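Colleague: Below is the structure I would like to discuss, written out as structure tokens.
The values are calculated or read from the model by the stated rules, or taken from the named source; none is laboratory data. Keep in mind that this is a model prediction, so the values were computed, not measured. Here Cβ is always computed from backbone atoms with ideal geometry, including for glycine, and neighbour counts include all displayed protein chains.
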Amino acid sequence: MKMRSLTLIGVVLWSCLSASMTFAKTTDQKRIDEQTGLIIDRGFETVKTNCTICHSAKFILSQKGDRQTWTDIIRWMQATQGLWQFDAKTEDLILDYLSTNYAPTKQYRRAPIPSSLMPPPEN
Ligand code: HEC
């Protein structure tokens with residue numbers, strides 16, 4: 001076999017390998033807990049234990065927020081819904097988990113359609 005075709009086979013094999021490794025990595029990063037639907041990441045167990053007692057995790061799944069928003073939600077539940085206080089370490093872990101995995105999406109909705117592309121006004 002010529003050296004060039006060997007090189008070609010090598011390149012093809014390498015591409016397949018790195019592509020499948022990338023795929024495995026991305027799917028691995030988003031493992032979902034079957035019972036709650038929560039993303040499995042650092043702090044997951046703590047959140048599952050503390051946050052799915054009074055309501056299902058659907059409340060978390062349908063909420064997005066930065067650290068401040070999640071802090072506000074927790075303070076609100078503590079003040080009005082009987083949620084207990086956390087020690088600083090536990091609260092930090094919970095807030096890390098929530099603000100990392102349920103962060104605000106950059107673009108919530110598409111940009112408006114430019115007026116030049118819209119139909120003319122009706123009158
Ligand atoms: C002691 C009970 C209790 C615990 C524990 C609890 N919650 Fe709640 N949570 C509530 C109640 C009650 C509501 C309001 C339900 C409703 O609106 O009908 C609520 C609502 C929410 C909402 C929706 C807020 C909104 O603006 O609609 C989110 C998000 C939420 N909880 C997240 C969490 C997280 C995260 C944790 C863990 C840190 C947690 N909850 C633990 C009682 C609790």
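Colleague: Considering every residue within segment 26-36, establish whether at least one is assigned to a helix (DSSP H, G or I) and at pLDDT 95 or above.
Modeller: For segment 26-36, residues assigned to a helix (DSSP H, G or I) and at pLDDT 95 or above: absent.
Colleague: Then there is this: Please pick out the residue among W76, W84, W70 that is near the ligand (Cβ under 8 Å from one of its atoms) and crowded, with 16+ Cβ neighbours inside 10 Å.
Modeller: It is W70.
Colleague: Continuing with this model, one more query. Answer with yes or no whether W84 is over 23 Å from T105 (Cβ atoms) and at pLDDT below 95.
Modeller: no
Colleague: Restricted to segment 39-67, and to residues that are within 8 Å of the ligand (Cβ to nearest atom) and in a helix (DSSP H, G or I), which residue is farthest from T105 (Cα to Cα)?
Modeller: It comes out as N50.
Colleague: May I pose another question? Please specify each residue of segment 87-97 satisfying the condition of being more than 6 Å from the ligand (Cβ to nearest atom) and under 21 Å from I32 (Cβ atoms).
Modeller: Scanning segment 87-97 gives L93, L95, D96, Y97.
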